[in-house]
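Written out below as structure tokens is the structure these notes cover.
The values are calculated or read from the model by the stated rules, or taken from the named source; none is laboratory data. Owing to the predicted nature of the structure, the values given are computational and were not obtained by experimental measurement. Quick reminder, even Gly has a Cβ in these numbers, built from the backbone with ideal geometry, and neighbours come from all protein chains shown. Accessible surface is based on the protein model in full, side chains and every heavy atom, while ligands, DNA and RNA are left aside. Shrake-Rupley method; radii C 1.70, N 1.55, O 1.52, S 1.80 Å.
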Amino acid sequence: MTRIELVSRSADETERIAAKVAIRLRLDDVVTVSGELGSGKTTFVRGASRALGVTAPVTSPTFTIGHRYAGSVAVSHLDLYRFTTVSPAEWADLEPYFDDAIVFVEWPEAGGAALPRARVAVTLEHGGGDERTVTLVAGEEALLQGLH
């Protein structure tokens, strides 16, 4: 596993970090995005989505569970904040979001073993003010190479 930590000093910088990750992704990749409330999870997904050609507004799907966007590839954005676990019936509702898309999952902890394996795991932490620590973990060193 390769792990890098980056410091973002603004929402724009968080989006730029996400964009650099996104352009390295492939169809059917899953990216988990963890962090406390207000740590910048949706900001990260917005930056990645823009890099993948999404022009529609990218907003948190907390109340709708998921959004699917058209870009240069389909992009799915799930938010499992309201889940404690994912039952088989709930997985049946979520599964279509994983078909032929790059998928970003906020609050993945609730998905547990039901979720497909993530190609990249992102954790955002408050660093004071607008500063965030962005930790990226991937099984492939090349995926994170040059992001320092």
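Numbers at a glance
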read-out	value
Pairs with Cβ under 7 Å, 6+ apart, first in region 84-103 and charged (D, E, K, R), second at pLDDT 85 or above and exposed (fewer than 12 other Cβ atoms within 10 Å of the Cβ)	D100/L27
Sole residue being closer than 19 Å to I17 by Cα, outside any strand (DSSP E or B), open to solvent by less than 70 Å² (accessible area, probe 1.4 Å) and not basic (K, R), chosen from L94, L124, L143, L136	L143
Count - residues of region 59-90 that are within 25 Å of G38 (Cβ to Cβ) and either among the hydroxyl-bearing types (S, T, Y) or not in a loop (DSSP other than H, G, I, E, B) (or both)	16
Contacts under 8 angstrom Cβ, first residue in region 109-130 being on the phi > 0 side of the Ramachandran plot, partner modelled with pLDDT under 95 and hydrophobic (A, V, I, L, M, F, W, C), 6 or more apart	G112/V86
Only one of S76, S60 that is touching a residue at least 24 places away in the same chain (Cβ under 8 Å) and open to solvent by 50 Å² or more (accessible area, probe 1.4 Å)	S60
In region 25-41, the residues that are under 15 Å from T62 (Cβ atoms) and part of a loop (DSSP other than H, G, I, E, B)	E36, L37, G38, S39, G40
Matching option when the condition is within 28 Å of E5 (Cβ to Cβ), touching a Pro at 6+ places or on another chain (Cβ under 6 Å) and modelled with pLDDT under 95, among D79, D130	D79
When residues of region 32-90 are limited to those that are more than 14 Å from the chain's Cα centre (by Cα) and among the hydroxyl-bearing types (S, T, Y), the one nearest to A101 (Cα to Cα)	S72
Considering residues of region 10-44 that are surrounded by fewer than 19 Cβ atoms within 10 Å (Cβ to Cβ) and of a type in the set (G, A, S) only, the residue modelled with the lowest pLDDT	G38
Criterion (among the β-branched types (V, I, T) and within 26 Å of G127 (Cα to Cα)) met by exactly one of V86, V105	V105
